[in-house]
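Down below is the structure, laid out as structure tokens.
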Amino acid sequence: MRSSADTSVIELYHQAEDDFFVAISQLYRQFGSSLSAYCTGVEASSLNLLLVKQADPELASQLAQGIDFLQRTQMPFCVVVRDTLVAQVHEQLQQQQLLASDQTTCMHLDLTTWQAAGTAPGQVDIRCTDQHLDDWSRPVASAFESGEEGIGQYLARHRAALAAGRSLRHFSLYVEQLPVCSLTLSLGPGVARLDDIGTQREYQHRGYASALIQHALAYAKVEGAQCCVLEASIDGLSIYRRAGFATLFEYTTFCRE
């Protein structure tokens, strides 16, 4: 059984998660307390998603409503399910031809006790790139192998979020005036979240992502965040653990082939 402290952090995680996806979405809707649907309008299933977060007596009907909502957007989408709920919804998702594709780890870091570690490698320059999102987007596109159309759509959603006054900050690390690593930091009451952490492929494994994460964590702490959260793929786990992040729970993603 989780402690009340863990439960509180999980609630903060979902708060930060909702803040980020609402900020970049064109459409979003909640189905009870257990499910939230987000449609960014980007042609990528991972960016139009139904989050299944907690148990609910009406979970089956809410899940059906959420899938119908996303199907009507005519965008590719996925269903992301909390580890404790996979067995409960697995058969229903199979009936919808949604199959498990991968797992991600949801992590947190206590900023009240965190202290920056290490120094940035070599001669680098870290900048807020809210006003230079083209620079921010280049490492993200390279790291996630986004096509020109896909990154253009995603860039438009971030521009719209900033224009709407959403609490997003974009940071990029430059080497010899070239943006080689980027991330997005979202800020909410007491909690920060990291997303879009990506490094140009030819500059990976040089410590640039770690340096940029340290910078973003320091910024979030100054801004009053007491914890920071993120969702990690298997490839990113070691970087985040070195930075001090610990596992909260896991998600399983279900997509149509």
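The values are calculated or read from the model by the stated rules, or taken from the named source; none is laboratory data. This one's a predicted model, so the numbers in the text were calculated from it and none came from an experiment. Neighbour counts run over all protein chains shown; Cβ positions are idealised from the backbone, glycine included.
What are the residues in segment 27-72 that are without any contact (Cβ under 8 Å) to a residue 24 or more places away in the chain and either touching a Ser or Thr at 6+ places or on another chain (Cβ under 8 Å) or among the acidic types (Asp, Glu) (or both), if any?
28, 30, 38, 68
Can you tell me which of 60, 44 is among the aliphatic types (A, V, I, L, M), more than 30 Å from residue 163 (Cβ to Cβ) and surrounded by fewer than 22 Cβ atoms within 10 Å (Cβ to Cβ)?
Going through 60, 44 in turn, the sole match is 60.
Exactly one of these conditions fails for residue 151: (1) under 13 Å from residue 179 (Cα atoms); (2) among the β-branched types (Val, Ile, Thr); (3) within 23 Å of the chain's Cα centre (by Cα). Give me its number.
Every condition holds for residue 151 apart from (1).
What is the one condition in (1) polar (S, T, N, Q); (2) over 25 Å from residue 227 (Cα atoms); (3) in contact with a helix residue (DSSP H, G or I) (Cβ under 7 Å, 6 or more places away or on another chain) that residue 61 does not satisfy?
Only one criterion in (1) polar (S, T, N, Q); (2) over 25 Å from residue 227 (Cα atoms); (3) in contact with a helix residue (DSSP H, G or I) (Cβ under 7 Å, 6 or more places away or on another chain) is unmet by residue 61, namely (3).
Filter segment 77-119 down to residues that are in contact with a strand residue (DSSP E or B) (Cβ under 7 Å, 6 or more places away or on another chain) and farther than 15 Å from residue 249 by Cα, then give me how many there are.
From segment 77-119, those in contact with a strand residue (DSSP E or B) (Cβ under 7 Å, 6 or more places away or on another chain) are 77-83, 85-86, 89, 93, 98-111; that's our starting set.
With farther than 15 Å from residue 249 by Cα added as a condition, the list becomes 77-79, 89, 93, 98-101, 110-111.
Number satisfying all stated conditions: 11.
As an exercise: evaluate residue 203 against (1) within 15 Å of residue 142 (Cβ to Cβ); (2) modelled with pLDDT of 95 or more; (3) aromatic (Phe, Trp, Tyr) and give the number of the one condition it does not meet.
Tallying (1) within 15 Å of residue 142 (Cβ to Cβ); (2) modelled with pLDDT of 95 or more; (3) aromatic (Phe, Trp, Tyr), residue 203 fails exactly one: (2).
Counting just the residues of segment 181-199 that are touching an Asp or Glu at 6+ places or on another chain (Cβ under 8 Å) and among the small types (Gly, Ala, Ser), which one comes out surrounded by the fewest Cβ atoms within 10 Å (Cβ to Cβ)?
188
Would you check if there is a residue in segment 200-223 being in a strand (DSSP E or B) and either among the polar types (S, T, N, Q) or touching a Leu at 6+ places or on another chain (Cβ under 6 Å) (or both)?
Within segment 200-223, the first condition is being in a strand (DSSP E or B), and the residues that meet it are none.
No.
Closer than 19 Å to residue 92 by Cα, of a type in the set (Lys, Arg) and surrounded by fewer than 16 Cβ atoms within 10 Å (Cβ to Cβ), is that true of residue 29?
Values: closer than 19 Å to residue 92 by Cα: no; of a type in the set (Lys, Arg): yes; surrounded by fewer than 16 Cβ atoms within 10 Å (Cβ to Cβ): yes.
Criteria not met by residue 29.
If a residue has to be modelled with pLDDT under 95, of a type in the set (S, T, N, Q) and crowded, with 18+ Cβ neighbours inside 10 Å to count, how many in segment 122-180 make the cut?
2
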